[in-house]
Structure formats: C-alpha cells, structure tokens
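Written out below as structure tokens is the structure these notes cover.
The values are calculated or read from the model by the stated rules, or taken from the named source; none is laboratory data. Since the model is a prediction, treat every value here as computed from it, not as a measurement. Cβ sites come from the backbone with ideal geometry, for glycine too, and all protein chains shown count toward neighbours. Areas reflect the complete protein model, heavy atoms only, side chains present, ligands, DNA and RNA absent. Shrake-Rupley method; radii C 1.70, N 1.55, O 1.52, S 1.80 Å.
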Amino acid sequence: MTGMPSAPTPIIDLSQVTKIYGHGAGEVRALRGIDLRINAGEFIAVMGPSGSGKSTCMNVLGCLDTPTGGTYKFLGVPVGNMSPDQRALLRRNYLGFVFQGFNLLSRTTALENVELPLVYRHVPKEQRRALARKALQEVGLGGRETHVPSQLSGGQQQRVAIARAIVTQPQVLFADEPTGNLDTATSVEIMKLLTSLNEQRGITIAMVTHEPDIAGWTRRIVRFRDGYIESDQINEPVREL
Amino acid sequence: MFGNAIILALREIRRNVLRSTLTILGIVIGVGAVITMVTIGEGATAQVQQDIQKLGSNLLQVFRGQGFGGGGGARSSAPPFSMEDVNAIKNEVAGVRAVAPTIGTGTQAIYGNSNWSTQVQGTDDQYISVRDWPLASGRNFSESELRAGAAVCILGATVQRELFGSEDPLGANVRLGKLSCQVIGTLTSKGQSGFGQDQDDLVVLPLRTVQRRIVGNADVNSIMVSARDGVSTEKVQADLESLLRERRKVRPGADPDFNVRDLKEISSAMTQTTRVLTSLLAAVAAVSLLVGGVGIMNIMLVSVTERTREIGTRLAVGAMARDVLLQFLIEAVTLAAFGGIIGIALGLSAGALATHAFHVPFVLNVGIVMLSFAFSAAVGIIFGYFPARRAAQLDPIEALRHE
C-alpha cells in the first residue's frame, strides 16, 4: 500500500459536486464544485476553517446528505438520487462513523453499543456478541464489555465508538473531529489506533479535523476554503510509535 | 425486523426505568380504576341478587293501598286485611306453599338493664317457612299459642345480641312495651336486606298476641305468600289479585286498594339499577384511561426530543426510518401493555379489598379484564404513533448535531 498503484478502483468519486442550502437571496453555497477521488486503503484528512464546506462535504460523502448538483459515485454507483432508505442501507452495509462527541447510547453497555449496527444488519445474537467482543478487543477494550459510557474515560468512549464503526467491516470509516473532545495524549492514542486500523486492516479512513497535528498522522491532506478544494497534498505521516 | 425492534425497545425501556414508570402510571391508574369499579359494581349486583334470595324464595307480598311504595296516605285509607282473607288465599289460590299474615309495629324491647328499640312482627307459624328463615334455637309457635294469643316470642339475631349478649335467651322474659313475653326461639341471621335494612332487628310474636295486646285491633297489615317450587309466581300473583279484588269488592277496571309485589320484579329492577351504576362508574374510569394515553404520548414526545441525538446515531449506523418508527411504537405498546397488566393486578387487588370492606362478593369479570388490556395496548399504538413518526422523520444530520 505504499506509493500509488497503477489504476486503483476509487471507492469515492465526486465530480463537480455542489451543495446549496436555502433559496433566493438567503441561499448558501456550501460546496461550489468539488472533484475528489478516494481510493481503497487511503487515510485522508479533510481540513479547513469553519464554513469552508468540509463538514458539508463529509455529510455528502457519508450519505447523510445529498448533493444539489454534480455526481457522487460510491463504488462506481451514483448515489445522488437515492432515497433516504437506500442511503440508510448504504450506511448500514458499507460505512462506519466516528463522531467528535462519541455518540454512544447512555446507560448502555460497551458491548451493546458496539452491537447496535449489527442489530440493524439482522446478525443473529450469538454472532453479534462474538463480533462485538472481537471489535472491542481490537480497540484495546477487551474486558470492558459490561461498562457503560459513564464508567469510561473519553478516550475509552471514543474507542468504543471506533469499535462500533469497524464491527461491520465497512468500506470507509468517516471520522468527524474524532479527537476534538480529547486531550493531547489521548488524541495520540486514538490516532495510533486509527493508523493501525488503516495499515493493518486496510480500512479506508476519511477524517475531518482542524488540527494540523492530527492531520499530520494521515497520508493525504485535503484543504477546503469557501466551498472549494484549496489544496490536495500527499503527506508523510508522523510516526510517534 | 420485528424481533430487532423488540430487542431495541426492551433495552430502551430497561435503560430508563424512571421514565418508563412515569409513562405507564396513567395507564396503570386508568386500568386499575376501571377494573376496581367494575369489580365493586359486579359484587354489588351479586349482593342484591343474594339479598333478594334471602328474603325468601318465590315470595309474594300483599300490601294494602296502592303503588309500589305503599305510601302512608293510601295505605291508611285502604281497609286492612282480615284472617278470612288469609284463609281464603290458603284455600282458593292454587300453587301456594305457605301463607303468613303479618302485622308490624315499632316498640321498645327491655330485658334487665338492656333496652332496644325494635320492630314487632305479629304472624303465625308459617312465617319462617314463607321467608325461608330457619330457627337458630328453640321452637316455632304452637297451634294453641297462636289460637290463644300467648305471650311468647321469637327473637331476631340483632335483638338477641343487643338484649342478651352471649347469654342464652331461651325461657327468659322480655318486656315489649307493656307486654311481658317469654322467649321460645331465636332466628338465624339474615343480615342486611338489599334495601339496607337490618332484617335481624325484629321480634316475632303470634298474630293474635300483637293484635290484642299491642295494637288493639284485629287487622292484618300485609300477607306473605310463597309459591310452591316450579309454580309460576306470575300465575299465583294474578290469582291473588283476582281473589282479593272480588273479596274487597273492587269494581272491574278500577284501581285495586291493595297491591301484590313479586320480589323477583324488585330484584330485577335493583339488579338493573346497579348494572347501570356500574357502567357509569366504568365509563368515568375509562376517561382516566384515555388521560393515561395522553400521558404516554406526552412523555414519548418529550423522550423523542431528549433522544434526538441517539436517533441520529441510530440513523447514522444504518437504521431506516421505519426501524426507528417501529422501535418507538413497540416501546409505546410494550409500556402500555405492561401498564395494563400492572393496572389489572392493582385493580383486582383493590376490588378484592373493597368488596371485602363493603361485604359484597368478589366477582371476577374476565371480559372486562381482557377488554382493559386490549384497550391499553390500543392506547399505546394510537398515542405512540405520533411521537414515533416524529422520531422517524428526523433528519440524520440535524439529529446528530442536536445538543
């Protein structure tokens, strides 16, 4: 996975994607024609000041939102005109999400939180338990299955959230400011975990962040400004291992 | 898909015990109230029927005067009955098992230091047979005592208790007004009548004794007639009416100056009344069930707002709108059904306690139990649907951003 393979299949292919909120005088052009390709196995950081369109872009990429114009192909399939249910199925089967605020269900054990996407995938109970347990071990939380979020530290909660995102073996993992609520040491731990998931498991990761230190862990940095892509650069990831 | 929604809904209910408890409280109270009311009502109905049975089987009562109540004016102006009327009924009406003339008056009963205001009933040896009222001890009046108007009496259970306590009254002399008479027997207790009177508060004397030595005339105030088993009381009633019209010279077509009451009629009228009351109480209680439904909707709506972020998370990890809808709906129905079950248990317990306190029998109405359960589940569906739809229609991005 080093260097650029000759003709990699793009998982994500945006061409001239626009997103406009509102109508008439009050309309906001959040995306003004984005071209972006993300190949399998990439670890990409999306940066930019607030209002630059990076969050809108991530929502479109994560199939939580639909573009106003242009085409978005996921694994070669156009998703721009999909119904909410079709997009839900796409998220269920191919995508994983990690949020800044962890978004774990409170008063629910770590194991049950990780199981949640599998419940929607109709995985039988025994298999669900086994997969969730394995995912928790992968993020280094083996033995904490019965802890509820309030009994876990911020870093641990984010690990549970990452376990929840990878338990379904997603094609792409979307991380929205995954270290935004964490201190530096814990942020480093989380970035190590994401790096190893990318390198060991080959999971494609797209991460929004506004911290250059965090973006430095990735191998490609895309900068947004005023609804355009300002720059798209290969990065030599930091190694603090 | 259904199985999943149930898993998620049950987890959610277990996750927030306090909120779940508050949600179902309205339903619990509503169902409990309906069941309690119906249980008490049914108990009262059964009690009325039992009471009427207690008065005596196939009992007809002949009163003078007109109308159901036999009000004072009409009664006093109508001529009294005589022993000849009583004998004529005995001999001429078919299907009669026993006939007892009665004359009643209030008096003061005194024994030793005890003093009790009670009713004196002058009648004959047929009285206890007509009223299906066995003696607790002693004996009935003899032929000669009846003929001579002897100073003997049989005590009702209340009078016995008030005058004698635990002492044996047989053979003792009780003073009734100016008359001193010997106790020859005591009656078993019949308890309260359906009209709320204490039936045991009486002293029974020979008819002639009361006529001669207490009221001072030869009148018979009313006649009790019991029909033989298997004989239609309607037929006996009709025969009694035509016989008495003839004897009392009532012109054809004119209103009679007496009336014959069939206790069965009174029984069915009273049963009807208590039924209506029961339905009324149940209807009022049903309103509280409706209020309980609104309570469920209220708390579910609050819960949707409170759980917006959670719903966003669910949508992000792949839940479809209908998964969320189903989850919330099942939560509401499960809560309502659970509330229904608790309400039924509570209502039946309260009903059992209340019927015990009111001394009416406990009647389990399976129909109303099933109905309230079905109704509470329906309330869950109806009042759960609106919040559930609201949850399902949330936009995932908005929901995830919600604080």
Exercise. Keeping to the range A:64-82, report how many residues are away from chain B (no Cβ under 14 Å) and within 18 Å of the chain's Cα centre (by Cα).
Key: 5
Quiz item: Which residue pairs have Cβ atoms closer than 7 Å, lie 6 or more positions apart in sequence or on different chains, and pair a first residue in the range A:37-62 that is closer than 24 Å to A:Glu236 by Cα with a second residue that is buried (at least 21 other Cβ atoms within 10 Å of the Cβ) and basic (Lys, Arg)?
Solution: A:Val46/A:Lys54; A:Met47/A:Lys54; A:Gly48/A:Lys54
Quiz item: Any idea which of B:Gly312, B:Gly347, B:Gly351 is open to solvent by less than 70 Å² (accessible area, probe 1.4 Å) and within 14 Å of chain A (Cβ to nearest Cβ)?
Solution: B:Gly312
Quiz prompt | Condition broken by B:Ile330, with the remaining ones in (1) within 14 Å of chain A (Cβ to nearest Cβ); (2) in contact (Cβ under 8 Å) with a residue 60 or more places away in the chain; (3) open to solvent by 20 Å² or more (accessible area, probe 1.4 Å); (4) farther than 15 Å from B:Ile296 by Cβ satisfied | solution = (4)
Self-check item: Criterion violated by B:Val366 - all others in (1) open to solvent by less than 40 Å² (accessible area, probe 1.4 Å); (2) more than 14 Å from chain A (Cβ to nearest Cβ) satisfied
Solution: (1)
Exercise. Scan the strands (runs of 3 or more DSSP E) fully inside the range A:138-233 and keep the ones with 3 or more residues being over 16 Å from A:Phe97 (Cα atoms).
Key: A:220-225
Quiz prompt | Options B:Ser372, B:Ser303, B:Ser376; residue that is touching a residue at least 12 places away in the same chain (Cβ under 8 Å), open to solvent by less than 70 Å² (accessible area, probe 1.4 Å) and within 14 Å of chain A (Cβ to nearest Cβ) | solution = B:Ser303
Self-check item: Residues within the range A:106-129 that are in contact (Cβ under 8 Å) with a residue 40 or more places away in the chain and either polar (S, T, N, Q) or within 10 Å of chain B (Cβ to nearest Cβ) (or both), tallied
Solution: 9
Practice problem: Could you tell me which residue of the range B:220-231 is nearest to the chain's Cα centre (by Cα), considering only residues that are in contact (Cβ under 8 Å) with a residue 60 or more places away in the chain and surrounded by fewer than 16 Cβ atoms within 10 Å (Cβ to Cβ)? | Solution: B:Asp229
Exercise. Read through the list (1) in a helix (DSSP H, G or I); (2) under 25 Å from B:Ile29 (Cα atoms), then give the number of the only condition that B:Arg309 fails.
Key: (2)
Exercise. Kindly indicate the residue of the range A:204-241 that is surrounded by 15 or more Cβ atoms within 10 Å (Cβ to Cβ) and of a type in the set (Lys, Arg) and also nearest to A:Lys19 (Cα to Cα) among those meeting that condition.
Key: A:Arg225
Practice problem: Looking at (1) in contact with a strand residue (DSSP E or B) (Cβ under 9 Å, 6 or more places away or on another chain); (2) under 20 Å from B:Ala316 (Cα atoms); (3) among the hydrophobic types (A, V, I, L, M, F, W, C); (4) not in a loop (DSSP other than H, G, I, E, B), find the lone condition where A:Ala88 falls short. | Solution: (1)
Quiz item: So, in the range B:315-327, of the ones that are in a helix (DSSP H, G or I) and within 11 Å of another protein chain (Cβ to nearest Cβ), which residue ends up farthest from the chain's Cα centre (by Cα)?
Solution: B:Ala316
Self-check item: Residue, nearest to the chain's Cα centre (by Cα), within the range B:159-209, restricted to residues that are β-branched (Val, Ile, Thr) and open to solvent by 10 Å² or more (accessible area, probe 1.4 Å)
Solution: B:Thr188
Quiz item: How many residues are in a helix (DSSP H, G or I) and either within 21 Å of A:Arg92 (Cβ to Cβ) or without any contact (Cβ under 8 Å) to a residue 60 or more places away in the chain (or both) if we restrict to the range B:390-400?
Solution: 7
Quiz item: Among the residues of the range A:42-65, which ones are farther than 24 Å from A:Arg164 by Cα and part of a loop (DSSP other than H, G, I, E, B)?
Solution: A:Gly48, A:Pro49, A:Ser50, A:Gly51, A:Ser52, A:Gly53
Practice problem: Please identify the pairs in which a residue from the range A:165-179 that is within 16 Å of A:Thr56 (Cα to Cα) has its Cβ atom under 7 Å from the Cβ atom of a residue that is open to solvent by 10 Å² or more (accessible area, probe 1.4 Å) and assigned to a helix (DSSP H, G or I), counting only partners at least 6 apart or on another chain. | Solution: A:Phe174/A:Met58; A:Asp176/A:Met58
